[in-house]
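A short write-up of the structure that comes next.
The values are calculated or read from the model by the stated rules, or taken from the named source; none is laboratory data. If you're wondering where the values come from, they're calculated on a predicted model, not measured in any experiment. For neighbour counting, all protein chains shown are included, and Cβ atoms are generated from backbone atoms with ideal geometry for every residue, glycine included.
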Amino acid sequence: MPEPVYQADVVVVGAGVAGLAAAHRLTSAGVSTAVLEAAHCVGGRMSTEKVDGFRLDRIGQLLSTSYPELGLTPGLDTLVLRPFAPGVLVHSEGRHHRASPPPAGGGAGGARGALNAVRALASAPLTSATPRAGLGAAGARAALSRATGSRTAVPRPAAPLGSAVDQARLAAALARIAATPVERLLARPESPARHALTDRGLPSRTVDGFLRPLLAALLCDPELTTSSRCADLALHAFARGRLCLPEGGAEVLPELLARALPPGTVHTGVRVTSVSTTSVTTADHGEIRCRSVLLATDAHAAAELLPGLRVPGFHPVTVVHHTTDEPPSTGASLLLDADRDGPVSHTAVVSLVDPSRAPAGRALISSTVLGTPPDDVDGAVRAHLARLHGTSTTRWETLAVHHTARAVPAMRPPHDLRRTVRLLAGLYVCGDHRDTSTVQGALHSGTRAAKAVLADLGAGPLHAAEPMPRAA
Ligand SMILES: Cc1cc2nc3c(=O)[nH]c(=O)nc-3n(C[C@H](O)[C@H](O)[C@H](O)COP(=O)(O)OP(=O)(O)OC[C@H]3O[C@@H](n4cnc5c(N)ncnc54)[C@H](O)[C@@H]3O)c2cc1C
């Protein structure tokens, strides 16, 4: 038998947030761990490009302050989350209106309050909260009746979205979901989110004007093919927390995790080419022997190393970054498109949310296109952004267009939210494709996998980690 070139209790393949979170749990339990990452830096899909003082995320990162793993994962205690303005700003029919979750801690009382508000408002005339110049909807109806001399019912013109009734209905729907325990949400029948939204008897104005664009942005799924259970979880997180960005860019999160590991745990530039329960083989660093292997790669790479592992479909995502010296007046809000008359799903002046992402005097606008982008993506995005932000974009400068074909694993029903992480004793798998396709899901899958490894190791660690051999 050749001498082992390296020994560790556990080899983790992949230094995305799932693998790094798992490594934390393992090293904290005294288990020697080597994290092998093919790229030259950690973070996987959570990367940030630096261009002329700007910090440009590859991903249209939307985190929620209510993601439990952000508070529970060791190493993230110094993570700074920069919140967007409360709720979201929705653009519909040339107007902006704010859609807000119920006040924090609303719970069942908040749901009751919001429902009472809906009842009170529903019996009032259907007028817009911010009517256009001239007659309100009720006035327009009366004037039409007078002009025609008719006493027959005149069809009510729909008030623009964002009326007080709309706001109260949305607040009631969100308060209800915020007050529902997660176990009850997960016990509901499962169907594609787009069907569930209409089957639950919600008014189409609430669905089309708020919930559909909100869920498309949160799930990166414009057609809402995602399981209704995952959609409920996304709405639950939205209703209970604030949408936010990690200060400094998406890469800060994996970098914090990596920095808090014992020195020498993470090895970048090491591509794993095969795995077994007791060793991994690498492209340039030979064989590394161990007691357990945890695959923490994306779903495709995992299936290449372990043929037979399920590979889900993926939602492609394109993120376009622009800069200008005059920020649009939409402020620090996440701005959603409800009209679907352009490629942008959501956009924000992220430098107003997190000033560290742009040099002084410049605004950074980051916009997300879901699905297959149009041919002239920058031209189409600029034209759409002019309508969404209500300002000319012709002088905006394009900083980067990042397209990721396999961005977010699809979570079509039936979706197993807790896909097994233990394949057999000594071989484990984690990553967003084993949980929900979010940073929360990736971190949680890493924690679950580390627990499974620790349970199997039982007797405790055997080896002290040894230095990594040089590339062959
Ligand atoms: C464009 C985009 C937008 C997104 N938007 C959001 C959002 O708004 N909110 C949200 O919560 N989530 C979002 N996500 C999803 C989120 O980024 C991912 O769920 C999360 O980063 C996945 O982490 P992971 O550790 O599971 O996988 P990855 O980040 O994919 O990490 C896997 C690692 O394994 C490495 N690897 C692969 N093969 C090998 C090998 N053979 N040897 C060694 N190493 C290997 C890779 O290099 C990589 O570093 C988005 C993702 C994208 C791409």
>> Quick check on this structure: which one of A348, A400 is crowded, with 22+ Cβ neighbours inside 10 Å, touching a residue at least 40 places away in the same chain (Cβ under 8 Å) and of a type outside the set (S, T, N, Q)?
In response: A348
> Given (1) surrounded by fewer than 18 Cβ atoms within 10 Å (Cβ to Cβ); (2) within 30 Å of T398 (Cβ to Cβ); (3) out of contact with any Asp or Glu (no Cβ under 8 Å at 6 or more places or on another chain), where does G361 come up short, assuming only one miss?
Replying inline: (3)
>> Out of the residues in the range 395-425 meeting the condition of being under 17 Å from R25 (Cβ atoms) and modelled with pLDDT of 95 or more, tell me which one is nearest to the ligand (Cβ to nearest atom).
In response: V421
> In the set A21, A85, which member is within 9 Å of the ligand (Cβ to nearest atom), under 18 Å from the mean Cα position of the chain (by Cα) and either among the aliphatic types (A, V, I, L, M) or over 18 Å from L243 (Cα atoms) (or both)?
Replying inline: A21
>> Can you name every one of the strands (runs of 3 or more DSSP E) wholly within the range 1-93 that holds 2 or more residues which are buried (at least 24 other Cβ atoms within 10 Å of the Cβ) and not charged (D, E, K, R)?
In response: 7-13, 33-37, 88-92
>> For the range 163-199, which positions are touching a residue at least 12 places away in the same chain (Cβ under 8 Å) and among the small types (G, A, S)?
In response: S163, A164, A168, A171, A172, A173, A175, A178, A179, S191, A193, A196
>> If I filter the range 36-47 down to residues being near the ligand (Cβ under 9 Å from one of its atoms) and out of contact with any Pro (no Cβ under 9 Å at 6 or more places or on another chain), which single residue comes out as nearest to T73 (Cα to Cα)?
In response: R45
>> If I ask for residues that are within 14 Å of V311 (Cα to Cα) and within 7 Å of the ligand (Cβ to nearest atom), which ones from the range 434-448 would you list?
In response: S437
